[in-house]
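K.L.:
Have a look at the structure that comes next, please.
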Amino acid sequence: MSEIEVGMTASAGVVLTALAHWNNGRIDDAIALFAEEFRFNDHGIGLEFKEKERLAEFFCKNRELYPDSELQTDTIFLRGDRVVVEWTLRAALVEPFYGGLSRKVPISLHGASIVRTENGKIRDWTDYYDGLTSRRTALAAHFEEWVEL
């Protein structure tokens with residue numbers, strides 16, 4: 001096995017381990033896989049994080065709002081220190097319904113993450129998916145800064 005193959009395997013391992021930790025609710029373990037200086041971009045809802053505390057808060061809020069969510073890895077592409085993961089996210093959203101009732105709405109969302117690793121840590125992570133289909137406005141609203149006019 002060449003050095004390039006070992007490096008690609010290590011990069012994929014870091015990304016897949018982070019996804020497994022996220023799926024299992026082990027947020028601190030997932031955050032530990034990010035470099036001290038990193039960037040996490042969620043283009044679906046238009047958020048960016050560069051601090052581990054805020055990213056941990058984002059992951060925790062995501063678990064709180066969508067406790068039964070599950071991310072399934074569909075396809076993985078490797079190129080050097082870059083990993084592209086095509087995934088399917090399944091969750092159920094509880095929303096208000098007629099007469100004070102509520103209902104569970106199943107969500108199935110396809111997306112992709114492009115990740116760059118450096119020295120065994122995640123340096124850049126960018127998620128791409130349809131933000132409207134995801135129905136994650138409550139999550140986005142929690143992190144939007146309100147400006148008084």
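K.L.:
Where the convex hull is taken over the Cα atoms of segment 1-82, what is its projected area averaged over directions, in nm²?
P.N.:
6.2
K.L.:
Accessible area, 1.4 Å probe, largest first: how do H110, H43 sort?
P.N.:
On the way: H110 125, H43 100 Å².
Per-residue accessible area, sorted high to low, gives H110, H43.
K.L.:
Order Y128, Y98, Y66 by their accessible area, 1.4 angstrom probe, all chains in place, largest first.
P.N.:
Y98, Y128, Y66
K.L.:
What is the sum of charges around I114, taking Lys and Arg as +1, Asp and Glu as -1, for the other residues whose C-beta is under 15 Å from the C-beta of I114?
P.N.:
-3
K.L.:
Sticking with this one: Would you please give the FRET efficiency between A35 and R90, computed as 1/(1 + (r/R0)^6) with r the Cβ-Cβ distance and R0 = 30 Å, to the nearest 0.05?
P.N.:
In this case the efficiency is close to 0.55.
K.L.:
Next question. Per residue, what volume in Å³ does the convex hull of the Cα atoms of segment 46-108 enclose?
P.N.:
Cα-based convex hull of segment 46-108, divided per residue, equals 120 Å³.
K.L.:
For K50, what accessible surface area do you get with a 1.4 Å probe? Give it in Å², rounded to 10.
P.N.:
110
K.L.:
Let me ask something else about it. Taking R0 as 30 Å, what FRET efficiency do you get between I76 and Y98 from their Cβ-Cβ distance, rounded to the nearest 0.05?
P.N.:
Working from the Cβ atoms, E equals 0.10.
K.L.:
Ordering L19, L78 by how much accessible area each has at a 1.4 Å probe, largest first, what is the list?
P.N.:
Putting L19, L78 in descending order of accessible area: L78, L19.
K.L.:
Also: Label point 7 Å out from R123 along Cα-to-Cβ: which residues of segment 9-38 have amide N under 13 Å?
P.N.:
11, 35-38
K.L.:
Run the 1.4 Å probe and let me know the accessible area of R103, rounded to the nearest 10 Å².
P.N.:
Result for R103: roughly 110 Å² accessible.
K.L.:
Hey, another quick one. Count neighbours as other Cβ atoms within 10 Å of each site's Cβ, and list the GluC sites (Glu not before Pro) in segment 13-84 that are DSSP loop with at most 13 such neighbours.
P.N.:
E51
The values are calculated or read from the model by the stated rules, or taken from the named source; none is laboratory data. Owing to the predicted nature of the structure, the values given are computational and were not obtained by experimental measurement. Using ideal geometry, Cβ is built from the backbone for each residue, glycine included, and neighbour counts are taken over all protein chains shown. All accessible areas refer to the heavy atoms of the entire protein, side chains included, with ligands and DNA or RNA removed. Shrake-Rupley method; radii C 1.70, N 1.55, O 1.52, S 1.80 Å.
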